[in-house]
Amino acid sequence: MVGLLQVTSSGFIDLDVTPNYVLGTSVLGVASVVLTAIFVFRIGKSSYSPALHEERNLLIIAAGYTIIGIMMTAITFFAYSFLLEQPPVANQEEIGFGLSIGSIFGFLILMYISRFGVDTPGNRDELQAAVSEVRQSRCEIDDSTKAPIHLTKLYDSLENGLEDISACLSQSSTDGGRRLARDIDEWVEVFSEKPEVSQAAIVHRSRSPDEEELTELREEFESITARLDKISTDE
Amino acid sequence: MNEPKTKQDVWPHTETVIFLTDSEKCFGNSIRDVMSEISDCEHLSNSGHHQGNELSANFLRFGSERIEDSDEIVPNSLIFVHCDLVLDTKMYDHIKGNTIPGSSEVVVLIEDSNHSDPEERILNLTRSVEIAQSLDDVKDEARRYFKRICPKCRGDPAKGWVLDWKKAVYYRVEN
C-alpha cells in the first residue's frame, strides 16, 4: 500500500491520485476504533481493578487512546507544515485521512502498551472460589436465626475467605487490584479482634450499628463486597 | 463462641456496651452522642498513661425485640437498659435469675417511664443493679466500670477479671 503513495510538490501525500488508498485508510481507521474499544473492554473486564469494570471508564480509556493517536498525528502534521514552511491548512479529505491515521496509531499504541501493562492474573479460579466462599458465609450469617455468639465459625470462615481473596489480589498488576487487597487486609485485621456481637453489627444485613467506628467498618465492608462483585461477575 | 482458657485468649479485650432501649434518645441526647461521650473515657483513650492500653470498647443499641433471646444479652458486660424494658418483661427474668453473669454491670436508665415509681420496683430486685438518672450518671457508671477492667490502672487482676467474666459467658451460652 505504501508503494501506491505519491507526494505533492508541497511535500504532503497526494490524496487526489490515490482515492482507493484514502478509502482503505478510512476503513482501517474505523476498524481501529472498534478494535481499540474491544481490546480495552477485554483487558478491563479480565483485570482485578474494580475501576476497569465500569463501562464508562472503559469508554473513556478507549476514546483516550484514539484521541492520543489523533493528537500525535495532528502534531506531526503541524510540525511537518512548519518545517516545509507551508500553511497548516487541510481540506476535508485530508482531515478525514488524518483522523483515520490517528485512530490506527491510537490502536497501535494500545497494542504496544498492553504488552507491558495488561493485568493477566493466573489465579482467576482461586479468586472465584474464595469470593464464592465469602458470599456463602455472608448468606449463612444473614439466614441464621442464632445469636451472634453462636456464629463464631461463620465469622472465622468469612475472614479466611477474605484473606484468600487478598492473597490472589496482591498478585494483581493493577493499582486498583492491589489497593483492594490492602483494604481487605486492614479490614480483616480490625474485624478479627472484635467480639461476635460487634461483628454481627458490621456484616449482618438486618443489623445496623449506631457507633461511628462500627458504621465505618460496615461501610468499608460494603465497599469491599461491591468491588469484589465487580471484578468477579464480569469475567 | 470459642472457650476462653487463658488471659491471652481474651486480651486485648474489646468491651461491648449495649443500650437496651426503644428510644433513639438517652436523657435528651441522641444515643450516638452518648456513645461518643462515653468512648472519650480516659481508660479507652489510648493516650498518656493509657497509651498502648489493650482495652477498647464498642457500643450497640438493641431494641426490646432482642430481649427475648438471652444469648443476645449475655455476651455484653456493661448493659444500660431503659427502666420500661426491665419491668414486666423477659429482661426482668434475666436480671432476677442467673442468666446474666453476676460480674456483668447492669445500669437501669430511669427516664420517661410508663410505670409509677419504677426506681423502687427495680431496687427491690435481688440482683445488684445500678441506677442512672442523668447523663452524668451514665458516664460515671461507664468510667467506673472501665476502670475496673483497665489493665493500665488495675494490672493483672483486671485481665483475670475479664477472663472470669468470659468463662461465665461461655458457660451460659454453650450449656
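Would you list, by chain and number, the aspartates and glutamates whose Cα falls below 14 Å from the Cα of B:K159, excluding same-chain residues fewer than 8 positions away?
Correct list for B:K159: B:D9, B:E15, B:E54.
Just list whichever of A:K45/A:K194; B:K90/B:K167; A:K146/B:K152 have alpha carbons separated by over 32 Å in the model shown.
A:K45/A:K194; A:K146/B:K152
Looking at the square roots a ≥ b ≥ c of the eigenvalues of the Cα gyration tensor of region B:72-175, which shape do they give, rounded for a/c under 1.5, prolate if a/b is larger than b/c, or oblate?
It is oblate, given that a/c is not under 1.5 and a/b is not larger than b/c.
In sequence order, what are the phi-derived ³J(HN,Hα) couplings for region B:147-161 according to the Karplus relation 6.51 cos²θ - 1.76 cosθ + 1.60 with θ = phi - 60°, rounded to whole Hz, with x for glycine and proline?
Ordered by residue, 3J(HN,Hα) equals 5, 4, 10, 8, x, 6, 8, 10, x, 4, x, 5, 5, x, 4 Hz.
With Kirkwood's inverse mean 1/r over C-alpha pairs for Rh, give me the Rg to Rh ratio of chain B, two decimals please.
Reported Rg/Rh, Kirkwood definition of Rh: 0.96.
With all distinct Cα pairs included, what does the Kirkwood hydrodynamic radius of region A:111-235 come out to in Å, to one decimal, could you say?
Taking every pair of different Cα atoms in region A:111-235, averaging 1/r and inverting gives 15.3 Å.
Quick one: ranking A:E163, A:E126 by accessible area, 1.4 Å probe, largest first, what do you get?
Solvent-accessible surface, decreasing: A:E126, A:E163.
So how do B:K139, B:K167, A:K194 rank on accessible area, 1.4 Å probe, biggest first, that is with the largest at the start?
B:K167, B:K139, A:K194
How big is D, in µm² s⁻¹, for chain A by Stokes-Einstein at 25 °C and 0.890 mPa s if Rh is the Kirkwood radius over C-alpha pairs?
Answer from the Stokes-Einstein relation: 115 µm²/s.
So how do A:L169, A:L83 rank on accessible area, 1.4 Å probe, biggest first, that is with the largest at the start?
A:L83, A:L169
Probe 1.4 Å, all protein chains in place: accessible area of B:F146 in Å², nearest 10?
My reading of the accessible area for B:F146 is about 0 Å².
If each DSSP helix of 4+ residues adds -39,500 (n - 2.57) and the sum is divided by the residues in the protein assembly as shown, what number results at 222 nm, nearest 500 deg cm²/dmol?
-18500 deg cm²/dmol, from helical runs alone.
Regarding the protein assembly as shown, what whole-number volume in Å³ per residue does the convex hull of its Cα atoms give?
So the per-residue hull volume is 206 Å³.
By DSSP, what percent of the beta bridges with both residues in the protein assembly as shown are antiparallel, rounded to the nearest 5?
Within the protein assembly as shown, antiparallel bridges account for around 15 percent of the total.
Under a Cβ-Cβ cut-off of 11 Å, what is the net charge of the residues other than B:R32 that fall near it, where Lys and Arg count +1 and Asp and Glu count -1?
Residues close to B:R32 contribute a combined charge of -4.
Could you work out how far apart the two model spin labels at B:D156 and A:D143 are, taking each label as a point 7 Å from the Cα in the direction of the beta carbon, and quote it in nm?
4.9
Which residue, B:N53, B:I38, B:I67, has the largest displacement toward the positive end of the dipole of region B:1-100 when charges sit on each Cβ (Lys, Arg +1; Asp, Glu -1)?
B:N53
How far is it, in nm, from the label point at B:N98 to the one at B:R144 when both lie 7 Å from their Cα along the line to the Cβ?
Simple spin-label model gives 2.6 nm for this pair.
What's the local net charge at B:Q51, with K and R +1, D and E -1, over the other residues with C-beta under 15 Å away?
-1
How much accessible area is lost when chains A and B come together, counting both sides, with a 1.4 Å probe, in Å² rounded to the nearest 100?
1700
What is the distance, in nm, between label points placed 7 Å from the Cα along the Cα-to-Cβ direction at A:L23 and at A:K153?
Modelled inter-label distance: 7.3 nm.
The values are calculated or read from the model by the stated rules, or taken from the named source; none is laboratory data. Computed from a predicted model, the values in this text were never measured in an experiment. Glycine gets a Cβ as well: all are built from the backbone with ideal geometry, and neighbour counts include every protein chain shown. Only protein heavy atoms, including side chains, enter the accessible area calculation; ligands, DNA and RNA are left aside. Shrake-Rupley method; radii C 1.70, N 1.55, O 1.52, S 1.80 Å.
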